1. Which one is surrounded by the most Cβ atoms within 10 Å (Cβ to Cβ) among residues in region 189-204 that are within 13 Å of V164 (Cβ to Cβ) and in contact with a Gly (Cβ under 7 Å, 6 or more places away or on another chain)?
2. Could you list all residues from region 242-263 that are over 12 Å from the mean Cα position of the chain (by Cα), among the hydroxyl-bearing types (S, T, Y) and more than 18 Å from L217 (Cα to Cα)?
3. Between N170, N255, N189, which is under 14 Å from V275 (Cβ atoms) and either in contact with a Leu (Cβ under 8 Å, 6 or more places away or on another chain) or modelled with pLDDT of 95 or more (or both)?
4. Which of the residues that make up region 62-97 are closer than 22 Å to D216 by Cβ, touching a Lys or Arg at 6+ places or on another chain (Cβ under 8 Å) and among the β-branched types (V, I, T)?
5. Output yes when any residue across region 259-277 is modelled with pLDDT under 65, surrounded by fewer than 17 Cβ atoms within 10 Å (Cβ to Cβ) and assigned to a loop (DSSP other than H, G, I, E, B), and no when none is.
6. Going by the structure shown, is V99 crowded, with 20+ Cβ neighbours inside 10 Å, in contact with a helix residue (DSSP H, G or I) (Cβ under 9 Å, 6 or more places away or on another chain), at pLDDT 95 or above and not in a helix (DSSP H, G or I)?
7. Within the group V144, V132, V164, which residue is under 19 Å from I37 (Cα atoms), out of contact with any Lys or Arg (no Cβ under 6 Å at 6 or more places or on another chain) and in a helix (DSSP H, G or I)?
Amino acid sequence: MEAVGRADRHRRIRLNPSTPSTGAPMKQLLQGRTAVITGGSKGIGRAAAELFIAEGANVVITARRQKELDEAVQALTAQGGKAIGVVADSADRAAPKQVFERAIEAFGQVDILVNNAGIADLCSIEETTDEVLEQVVSVNYLGVFRFCREAVQHFMPRDEGVIVNVSSVNGELPVCGPAYTSTKGAVNNLTRNIAIRFAGTKIRCNAVAPGATDTDLARAYFDGNMLGGCSGMAKYGALYSNLELPATQPQDQANAILYLASDMSRAVTGRVLTVDNGINF
């Protein structure tokens, strides 16, 4: 009898009719939501901002340079969306509060945080000065931490909100400089910690871990022009990665960020999604 019961249940699931199509246009995935995207004037952050605008979000982007910020905002609003820019350095401990205040003033609340701002180095451990270490940590970890803290304090009264941290394959495969790779490993664990804290609520935290992506940062990596110069760490990446495969594009990373930011991933939290074209196995 139990076997028959299971079959009946499965049959009921299979035969449950789907909602008939009305021919109406699909709802935008982020319609009416507001997203803060740090480092949103170029690269992955810019691609995410453009995609979020296309999906109906209001977008608040940060950058350190006013000119780049103004150009990005102009391009975003030309898409027909709503976007503002806030000059902010993620290394500045006052930046998260200032950015969120501007976002709330403009759009009422923040629903999504994308921590994308970051810097990288190629120094080997013996060459890493305190100055390089502190600079990388202040942006890549302390900045991410503080923006996450600001976000959850804003989300908690509503018991709802999404954080997407942009990490790196270096969080698991540390082939860049030790300062950079350490911060990415820390961001992965911070992501999981926040997810555990808010498990069972509508506050979610995930990360995207890009591999080699066609951005200014990646070009600096291969040209040896990263922070602290180049000690030859780049050659070690070739030993552990299949660099004959094509790099990803910023749009590939933006698609992953959109997935984690939208209701498509409503049951996903505490995960690090690698997007690298299979380069790093």
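The values are calculated or read from the model by the stated rules, or taken from the named source; none is laboratory data. Everything quoted here is computed from the prediction, not taken from an experiment. In this analysis, Cβ positions are derived from the backbone assuming ideal geometry, glycine residues included, and neighbour counts consider all displayed protein chains.
1. Selected residue: T191.
2. S262 - this is the single residue of region 242-263 that is over 12 Å from the mean Cα position of the chain (by Cα), among the hydroxyl-bearing types (S, T, Y) and more than 18 Å from L217 (Cα to Cα).
3. Exactly one residue qualifies, and that residue is N255.
4. Correct list: V86, V87.
5. No, there is no match, as no residue in region 259-277 is modelled with pLDDT under 65, surrounded by fewer than 17 Cβ atoms within 10 Å (Cβ to Cβ) and assigned to a loop (DSSP other than H, G, I, E, B).
6. For V99, the condition - crowded, with 20+ Cβ neighbours inside 10 Å, in contact with a helix residue (DSSP H, G or I) (Cβ under 9 Å, 6 or more places away or on another chain), at pLDDT 95 or above and not in a helix (DSSP H, G or I) - is not met.
7. After ruling out the rest, the residue left standing is V144.
Conditions (1) touching a Phe, Trp or Tyr at 6+ places or on another chain (Cβ under 9 Å); (2) closer than 18 Å to V272 by Cβ, marked per residue:
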site: D121; (1), (2): yes, no
site: E126; (1), (2): no, no
site: F145; (1), (2): no, yes
site: R149; (1), (2): no, no
